[in-house]
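What follows is a single structure, written as structure tokens, with notes after it.
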Amino acid sequence: MTNEVYLIDVTNKSEDNIPQKIQTLYETTQFNDRIQKNDNIAIKTQFIESHDTTYIKPEYIEPIIESIKEKEASPFLTDTNTLFNGKRSNTDKHLEAANEKGFFDLNIPLIIANNTPADEIEVKISKAVFDKVKVAKEIYDSDAMIVISHITGHTLTGYSGAIKNTGSGCATRNGKIEQHKLAAPFISRIACLACNVCIDLCPEEAITVDSIAHIDYDKCIGCNNCISDCPTDAIKLNKIKSEEYMKAVTEYAYGAIENKKDKTLYINILLNINPDSDCNSYDQNPIVDDIGILASYNPVAIDQASYDLINKQEGNENSMLKNNHDPEKDKFKGLWRNIDSYFQFDYGDEIGLGSKKYNLIKI
């Protein structure tokens, strides 16, 4: 696995210019030299719900699709269903969300990869948290993959990029449950009103209420649906367990690409860098100005480089960024002070997912 990370600047953004820059970046990586005629190429992205406007646009992906077709290979778009409530937790509605965003206009197959229990494959990895991981079969069985990630903050990982998109995004529902159970929410005894709202939100009937609400952790799948509508914010993300969660996600990323490490290309979009996940339903102001687009065959290196580039910028005072606005200050610590985002890079390096060391090449 090489440590080169390619960067193309997009500091003067225009929607017409970005697809051209992505095409230049893609050609620089020489990904087409790594694939063969008739190969099935998974393009892993996210088909975010209609409220979000900073998602990866279909026109960004189109030049990559056309280049793959020139090789006479067969690209397909893919993602997996989410645990939390929303359109993307249901396959039919997930496809509807993709259609609303214009992804069907790309005229290639679009596969929600964990549609049935049969669409799961267990991959043996023999790591600290998991001996085996549960990966979506259509993704695992592809001959090569391109993982396209919109870089944002995240409430459990601090920073969310290629490792998160691969590890969580290629996992089946059962795999996501394994990950999220490690950081299941907790209830504040002081704040809870015993109002019963959370009971109706729980898909697993894991919550009971007497004088306060209680979570049955044997039943809880860590979907965090109960958090969003609690009227007193009594139900909290368990950020104390964030490192265990990051370990799990990183191990899943290792398993997802186990059969194609040298045929997986990562593209990180450092535009509209939101403080939290694109999955959220509220408007978000970017924490720094637009930087550019990166590509690499090393998921750890590209995330480390993305992290470093963001931290070199001046922080946006009109965002959720609470402190660390100065250049060279850690912007993700400024957002989530109790989360060490570096942990996922360190652990990825440790288990052989990739290397933190990188050679940044500007195009």
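Here are some residues: Ala171, Ala162. Which one is within 24 Å of the chain's Cα centre (by Cα), touching a residue at least 60 places away in the same chain (Cβ under 8 Å), crowded, with 24+ Cβ neighbours inside 10 Å and more than 29 Å from Asn285 (Cα to Cα)?
Details: Ala162 fails: more than 29 Å from Asn285 (Cα to Cα).
Result: Ala171 is the single residue among Ala171, Ala162 that is within 24 Å of the chain's Cα centre (by Cα), touching a residue at least 60 places away in the same chain (Cβ under 8 Å), crowded, with 24+ Cβ neighbours inside 10 Å and more than 29 Å from Asn285 (Cα to Cα).
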> Under 8 Å by Cβ, and 6 or more places apart or on different chains, what pairs join a residue from the stretch 218-232 that is among the hydroxyl-bearing types (Ser, Thr, Tyr) with one that is in a helix (DSSP H, G or I)?
Replying inline: Ser228/Leu201
> For Glu328, which of the numbered conditions (1) at positive phi; (2) at pLDDT below 95 fails to hold?
Replying inline: (2)
> Checking Leu156 against (1) assigned to a loop (DSSP other than H, G, I, E, B); (2) aliphatic (A, V, I, L, M); (3) at pLDDT 95 or above; (4) in contact with a Phe, Trp or Tyr (Cβ under 6 Å, 6 or more places away or on another chain), which test does it fail?
Replying inline: (3)
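From the list Glu138, Glu62, Glu66, Glu70, exactly one residue is modelled with pLDDT of 95 or more, of a type in the set (Asp, Glu) and closer than 20 Å to Ile257 by Cα. Which is it?
Values: Glu62 fails: closer than 20 Å to Ile257 by Cα; Glu66 fails: closer than 20 Å to Ile257 by Cα; Glu70 fails: closer than 20 Å to Ile257 by Cα.
Step by step, each of Glu138, Glu62, Glu66, Glu70 is checked, and only Glu138 is modelled with pLDDT of 95 or more, of a type in the set (Asp, Glu) and closer than 20 Å to Ile257 by Cα.
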>> Of all residues being touching an Asp or Glu at 6+ places or on another chain (Cβ under 8 Å) and of a type in the set (A, V, I, L, M) in the stretch 117-142, which is nearest to Thr80 (Cα to Cα)? Just the residue, please.
In response: Ala136
>> When you scan the stretch 267-283, do you find a residue that is among the β-branched types (Val, Ile, Thr) and assigned to a strand (DSSP E or B), even just one?
In response: yes
>> Exactly one of these conditions fails for Asp141: (1) within 29 Å of Lys239 (Cα to Cα); (2) surrounded by fewer than 22 Cβ atoms within 10 Å (Cβ to Cβ). Give me its number.
In response: (1)
> Can you name every residue in the stretch 287-323 that is crowded, with 18+ Cβ neighbours inside 10 Å, free of Cβ contacts under 8 Å to residues at least 40 places away in the same chain and farther than 30 Å from Lys261 by Cα?
Replying inline: Gln313, Gly315
> Taking Asp33 and the conditions (1) surrounded by 13 or more Cβ atoms within 10 Å (Cβ to Cβ); (2) part of a helix (DSSP H, G or I); (3) modelled with pLDDT of 95 or more, which numbered condition does it fall short on, given that it satisfies the others?
Replying inline: (1)
>> Filter the stretch 220-237 down to the residues that are surrounded by 12 or more Cβ atoms within 10 Å (Cβ to Cβ), among the charged types (D, E, K, R) and closer than 17 Å to Asn196 by Cβ and list them by number.
In response: Asp229
> Taking the stretch 238-264, which residues are surrounded by fewer than 24 Cβ atoms within 10 Å (Cβ to Cβ) and more than 30 Å from Glu205 (Cβ to Cβ)?
Replying inline: Glu258, Asn259, Lys260, Lys261, Asp262, Lys263
> When the residues of the stretch 62-112 are filtered to those that are at negative phi and of a type in the set (Asp, Glu), which remaining residue is farthest from the chain's Cα centre (by Cα)?
Replying inline: Glu70
>> I need a count of the residues in the stretch 324-348 that are closer than 21 Å to Val10 by Cβ and without any contact (Cβ under 8 Å) to a residue 24 or more places away in the chain.
In response: 1
> Is it fair to say Ala184 is crowded, with 24+ Cβ neighbours inside 10 Å and either in contact (Cβ under 8 Å) with a residue 40 or more places away in the chain or in contact with a Phe, Trp or Tyr (Cβ under 6 Å, 6 or more places away or on another chain) (or both)?
Replying inline: no
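Kindly indicate whether Ile302 is in contact with a strand residue (DSSP E or B) (Cβ under 7 Å, 6 or more places away or on another chain), part of a loop (DSSP other than H, G, I, E, B) and assigned by TED's automatic domain parsing to the domain that holds Thr28.
Working: in contact with a strand residue (DSSP E or B) (Cβ under 7 Å, 6 or more places away or on another chain): yes; part of a loop (DSSP other than H, G, I, E, B): no; assigned by TED's automatic domain parsing to the domain that holds Thr28: yes.
The answer is no for Ile302.
The values are calculated or read from the model by the stated rules, or taken from the named source; none is laboratory data. Small disclaimer: the values here were computed from a predicted structure and weren't measured. Note: ideal-geometry Cβ built from the backbone for every residue, glycine included; neighbour counts use all protein chains shown.
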